[in-house]
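These notes concern the structure reproduced below.
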Amino acid sequence: MSDEQSKAQEAAALADSGAPTIFDKIIAKEIPVDVVYEDDVCLAFRDISKLAPTHVLVIPKVRGNLTSLSKAEESDKDTLGHCLVVANKVAKQENLGEGYRVVVNVGPNGCQSVYHLHLHVIGGVQLTWPPGVP
Ligand code: 5GP
């Protein structure tokens, strides 16, 4: 099992506990991050372990039930749509005109390690496909 897979398995054990995550501390500015975009709904900041020249995480500032995309409900449509629009704003800001990828890892099989919904915006290089399918 890879490091990412074992991190995801550990995180899944706490997924439904309602426990705060590292992203709560980031939103509260208790942990410094490199913020690239912020508005009332979303915060976008550079991933600490970047996978490409641009690797930004877009998160809703209020997690609510959105620990994971698997918890999304009708009432989350505005937040989810807003996060996608912000992902594209970030891509434009980062000059990713040649293309980029938006990734949402979901649950242990999807290698989700932080249970606060987030979009990875990855680009700045030619990406490969498929992603991590055994
Ligand atoms: P996931 O694996 O859940 O899809 O993505 C979580 C992401 O959060 C990972 O890519 C990881 O590098 C990033 N991350 C975790 N802790 C921190 C942190 O303290 N600061 C930043 N900037 N990114 C973090």
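Here, each number is a calculation from the coordinates, and none is a lab measurement. This is a predicted model, so every value here is computed, not measured.
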- Can you tell me what the convex hull of the Cα atoms of the chain projects to on average, as an area in nm²? 8.3
- Item | Net lengthening on full extension, Ile48/Ala28 (0.36 nm per residue, minus Cα-Cα) | 5.5 nm
- Message: From Cα pairs below 8 angstrom and at least 6 apart in sequence, can you work out the relative contact order of the chain, rounded to a whole percent?
- Response: 34
- Pairs of lysines in the chain (C-alpha under 20 Å apart; 8 or more residues apart or interchain): 11
- May I ask you to compute the full-extension gain from Val102 to Glu73, defined as 0.36 nm times their residue separation minus their alpha-carbon distance, rounded to one decimal in nm? 8.4 nm
- Task: Please give the contour-minus-distance gain from Gln126 to Val41: 0.36 nm per residue of separation, less the Cα-Cα distance, rounded to one decimal in nm.
- Result: 27.6 nm
- For region 16-31, take each phi angle, set θ = phi - 60°, evaluate the Karplus expression 6.51 cos²θ - 1.76 cosθ + 1.60, and give the result in whole Hz per residue in order, putting x for glycine and proline. 9, 7, x, 4, x, 10, 4, 5, 4, 5, 5, 5, 6, 6, 7, 10
- Query: Distance from the Cα centre of region 1-39 to that of region 72-112, in angstrom?
  - Reply: 16
